[in-house]
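Rule-based calculations on the coordinates, nothing more; no lab input. Here the structure is a predicted model, which means the values were calculated and not measured. No Cβ is skipped: glycine too gets one built from the backbone with ideal geometry, and neighbour counts run over all protein chains shown.
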Amino acid sequence: MNMQDGKTMRRVIVTGAGEGIGRAITLKFLRQGAEVHGLDRNAEALQRLADTAASEPGLGPFVPHRVNLADRVDTDRTAATLLNLLEGRCDTLVNNAGISRLMPFLEIDDSTLDALFAVNFIAAFRLTQRLVPALQASAHGSVINIASELALIGERGYSAYSATKGAIMAWSRSLAVELAGARIRVNAVCPGPVDTALIDADFAATGDAAAARRHEMAVVPLGRLGMPADIAEVVSFLASDAAAYITGVAWVVDGGKTAA
């Protein structure tokens, strides 16, 4: 059993760990001394993260897993590998992996819709389902699902993406009730606009990335885009014992955008 400072080392799984919010979440847990298994389809991003983790003293162990979460077979295979490596115990699962498509409703085809649901919702559902026994074996079992402000408000061009994030929110609430008896807490985090490559791609898709960025900052009362670390702090809190009585909640981290 892994130990750190006389205590059992926490074991954490983060999907979409290679970049953006997932990278920040992973580094936050590593700096707390946790053993983190990072899942991503981008091998180069995983390697960069591994290099960063190796170069910073005092971090917990980082274990990269290259996986295509849109592929159900690959997801199930990775879940089996994780159960074996984690020796049947997982303290925190962060379902962060996600993709976005800025596209008018009438232009959304089956392949786009299927891809969005496969990564943003179905992968989280399947991975969580397979890891419940390991989460139940923990005294701190917690699932944290990354949803979006767009599960709460509407924006032009995001109808399919919003549907996947709305599914994450509804599922999180239901799962929190169902798994409470197993001592597993389930919460969702709803980031607002966060300064990542994902939102940069959406800005570029408008045809005027600079104008899109200025507009997004203007509609946020705090006057800036979020940073990945802003989301990581909330995820860290929800995974901690300080949040032991919190479950079934969607935490909005958006600089006040949905309140305006």
Going through Gly20, Gly38, Gly33 one at a time, which residue ends up being closer than 16 Å to Leu131 by Cα and either over 19 Å from the mean Cα position of the chain (by Cα) or of a type in the set (Gly, Ala, Ser) (or both)?
Gly38
Quick check, is Gly255 touching a residue at least 40 places away in the same chain (Cβ under 8 Å) and in a loop (DSSP other than H, G, I, E, B)?
yes
Working carefully through the options Leu46, Leu83, Leu59, find the one that is in a helix (DSSP H, G or I) and either free of Cβ contacts under 8 Å to residues at least 12 places away in the same chain or surrounded by fewer than 21 Cβ atoms within 10 Å (Cβ to Cβ) (or both).
Leu83
Could you please tell me which pairs satisfy a Cβ distance under 6 Å, a separation of 6+ or placement on different chains, a first residue in the range 117-142 that is farther than 17 Å from Ala70 by Cβ, and a second residue that is among the acidic types (Asp, Glu) and outside any helix (DSSP H, G or I)?
Ser138/Asp91; His140/Asp91
Out of all the residues in the range 27-43, is one or more in contact (Cβ under 8 Å) with a residue 60 or more places away in the chain, farther than 22 Å from Phe125 by Cα and either β-branched (Val, Ile, Thr) or touching a Gly at 6+ places or on another chain (Cβ under 9 Å) (or both)?
yes
Within the range 220-245, the residues that are part of a loop (DSSP other than H, G, I, E, B) and surrounded by 16 or more Cβ atoms within 10 Å (Cβ to Cβ) are Val220, Leu225
On the basis of being part of a helix (DSSP H, G or I), free of Cβ contacts under 8 Å to residues at least 40 places away in the same chain and closer than 24 Å to Asn42 by Cα, does Ala204 make the cut?
yes
Can you name every residue in the range 102-121 that is buried (at least 18 other Cβ atoms within 10 Å of the Cβ) and either of a type in the set (Val, Ile, Thr) or touching a Pro at 6+ places or on another chain (Cβ under 7 Å) (or both)?
Val119
